[in-house]
Amino acid sequence: MVGDKINPFKLTVVKFIISFSIMIILVNSIIVIYRAVYSYNKEVKVAEEDLIKLTRTISDHIELTFLAVDVVLRRAVEKHQSNLLFGGALKDDTKNNIISWVDETPQIAAMIMSNDKGEISAMYKKQGFENWMKDKNYVTGLPFFKSHEEEVDALYIGKQDDSGEGYIALSRRLNKLDGSFDGIIMAVVSVSYVTSFFDAIEKKKNTKIIIKHLDGRELLTPSILNEPSERENYDNAYFRTRHSLDLAQRVSLVRNAENHFSDVRIYTLFSIPSVLMQISLIGFGSDIFSSWYEERISDIIFFVIFMLFVFVVAFFSIELAKKVQKLRISERNALTASKVKSDFLANMSHELRTPLNAIIGFSEMLTSEYFGKLNQKQDERIKDIHGCGNHLLSLINDILEFSKGQAGKIEIRPEEFHITKVINEAVRIFDERAKSEGISLITDCPKTIPYIFADRRKIKQILLNLVSNSIKFSERGDMIEVSVKVDEKKQFVIAVKDTGIGMREEDIPIALTAFGQVHKDKTAGGTGLGLPLCKLFAELHGGTIDIESKEGQGTTVTITFPSKVVIKSKDIP
């Protein structure tokens, strides 16, 4: 009868196996659910962050697009005023300018100019846009014309549907010399141009873009908003987003989720006051959870197989747990590596500034004769080292700030100084190099030149960039002249003229483009930012840059500052 007895040990083992199996199934069920919830929240969070970044990127692109168009409109207004001052003698010149602006500005599809009666006096369209405003001679009934009749000086942005295509129109008012209404100047941007950059980034996703005027008028509306439910969801999200907009970051986000993952919507809103626009993006659950669905299907298949064979593959379950642990360790290591990378980028500022601060500090100690008296030549060289160190440190600060993507504009810190001293400092830095290469470096600075009220460091950087370029593209026996004068309009004019290799006239726009290099074989590793930086710094002061160059004959770069930077001196008659 002993053999008929139930073996307590076996019963305990069975119970243990059953209990252990149930526990494993429960644990794995919890793990699957946890992974699903965790990955769900992670996918949503990543999608939100990505959509915010995308909104910023698209908004920056759109802002630059319409700012470029507005710059052209402002130039057209100025040309119109000049035409009035010359009694209308420059009318043909204005029409030619419109043709040039349309051809040279990729954002603009067409431009028109009208008189105060709404009659179109000038029109030019790019190829492919011939049907826009076809057979129309008046703009009297269009909203922007009515708006400009009432507004003294305001940029009008509105939607225009014409010939089956969508356009966003920008216009400005033209005034007579007495300030009364004299017509409008308008440029249109094709919707396809506006969305091309966005479509290139999101070509495999359903993300939609909405462009609105700050007053709520929609300039670009996706067809999906024609559906009442989508329109209602968007309007509600837009209302909440707009009223919770963080003015410091100019971006806000709202997420709506209904019963199904595909119903999840993420709405972003970015305000662009400079062009009177708001950019909204709609992210869809079908995009957000596409990879999440695949992962969950894999988890479910694995769970079913595991539940069927859990009692016979316990060992493999343990191995799987080890692999999961390794994956978690790898994920932790990846996060740690990412943090190290972030810390490295954050510490770059310190690592770059430390040696420069040491150079500046030691040069100051040498200049103050802390280690002993210096002769005149040593004292001059030490001062040059100190000046170069300070200049390089300030440049690194600007580059680091830009590389980190900090918002805001570059500020100028004007002060009163004598330009001759700055020119001499810049020339002295390159004097030895010019002599060693057999290049004559001279200056032409009248003693009666007045003081200038501007940002000393940026003026010095302009001179350093221009002189450095001239030396780089000059050969033995060539001459470089740095001159300064006040012209008949009381404008401050700085010119750097060389007799170097020069360049073709059609290459000048390339040289003024960021990272544009005309003579790549001669740049010796240059970044192509010298002339664009000079142009930027000049424009920050309200000035302009002009380049005259002929291949094989040399180059003259002229920087003209407005009369407001000139400080009247008793030395000036």
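Checking each residue of the range 82-93 against the condition of being in contact with a strand residue (DSSP E or B) (Cβ under 9 Å, 6 or more places away or on another chain) and hydroxyl-bearing (Ser, Thr, Tyr) gives no match. Here Lys383 passes the criteria (1) open to solvent by less than 90 Å² (accessible area, probe 1.4 Å); (2) modelled with pLDDT of 70 or more except the one numbered (1).
Of all the numbered requirements in (1) over 17 Å from Leu220 (Cα atoms); (2) open to solvent by 20 Å² or more (accessible area, probe 1.4 Å); (3) in contact with a strand residue (DSSP E or B) (Cβ under 9 Å, 6 or more places away or on another chain); (4) not charged (D, E, K, R), Pro106 misses one, and that requirement is (3). Name the pairs: first residue in the range 417-443 and free of Cβ contacts under 8 Å to residues at least 60 places away in the same chain and closer than 14 Å to Arg381 by Cα, second residue open to solvent by 50 Å² or more (accessible area, probe 1.4 Å) and among the hydroxyl-bearing types (Ser, Thr, Tyr), Cβ to Cβ under 9 Å, at least 6 apart or on different chains? Short answer, once both residue conditions are applied: Asn424/Thr443; Val427/Thr443. Of everything in the range 458-473 that is among the hydrophobic types (A, V, I, L, M, F, W, C) and without any contact (Cβ under 8 Å) to a residue 60 or more places away in the chain, the residue that is farthest from Asp444 (Cα to Cα) is Ile471.
Quick check on this structure: which one of Leu174, Leu214 is within 21 Å of Val71 (Cα to Cα), in contact with an Asp or Glu (Cβ under 9 Å, 6 or more places away or on another chain) and not basic (Lys, Arg)?
On the way: Leu214 fails: in contact with an Asp or Glu (Cβ under 9 Å, 6 or more places away or on another chain).
Answer to the check: Leu174.
Sort out which residues of the range 454-489 are touching a Cys at 6+ places or on another chain (Cβ under 6 Å) and either more than 25 Å from Ile567 (Cα to Cα) or in a helix (DSSP H, G or I) (or both), and write them in order of number. Spell out how you get there, then give the answer.
Kept after step one, since they are touching a Cys at 6+ places or on another chain (Cβ under 6 Å), are these residues of the range 454-489: 462, 465, 484.
Answer for the range 454-489, where residues must be touching a Cys at 6+ places or on another chain (Cβ under 6 Å) and either more than 25 Å from Ile567 (Cα to Cα) or in a helix (DSSP H, G or I) (or both): Ile462, Asn465.
Somewhere in the range 153-172, is a residue under 30 Å from Phe197 (Cβ atoms), part of a loop (DSSP other than H, G, I, E, B), at pLDDT 85 or above and open to solvent by 20 Å² or more (accessible area, probe 1.4 Å)? Within the range 153-172, one or more residues are under 30 Å from Phe197 (Cβ atoms), part of a loop (DSSP other than H, G, I, E, B), at pLDDT 85 or above and open to solvent by 20 Å² or more (accessible area, probe 1.4 Å).
Here's the yes/no breakdown for (1) among the β-branched types (Val, Ile, Thr); (2) farther than 15 Å from Lys550 by Cα:
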residue	(1), (2)
Ile471	yes, yes
Glu475	no, yes
Lys497	no, no
Glu505	no, no
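Assess whether Val467 counts as being surrounded by 22 or more Cβ atoms within 10 Å (Cβ to Cβ) and either at pLDDT 90 or above or within 13 Å of Phe430 (Cβ to Cβ) (or both). Spelling it out, Val467 is indeed surrounded by 22 or more Cβ atoms within 10 Å (Cβ to Cβ) and either at pLDDT 90 or above or within 13 Å of Phe430 (Cβ to Cβ) (or both).
As a summary of the residue check, Thr560 satisfies the conditions (1) at pLDDT 85 or above; (2) more than 29 Å from the chain's Cα centre (by Cα); (3) not charged (D, E, K, R) except for the one numbered (2).
The values are calculated or read from the model by the stated rules, or taken from the named source; none is laboratory data. None of the values given here were measured: they were computed from a predicted structure. Backbone-built Cβ (ideal geometry, glycine too); neighbour counts: all protein chains shown. In case anyone asks, the SASA skips ligands and DNA or RNA and just uses the protein heavy atoms, side chains included. Shrake-Rupley method; radii C 1.70, N 1.55, O 1.52, S 1.80 Å.
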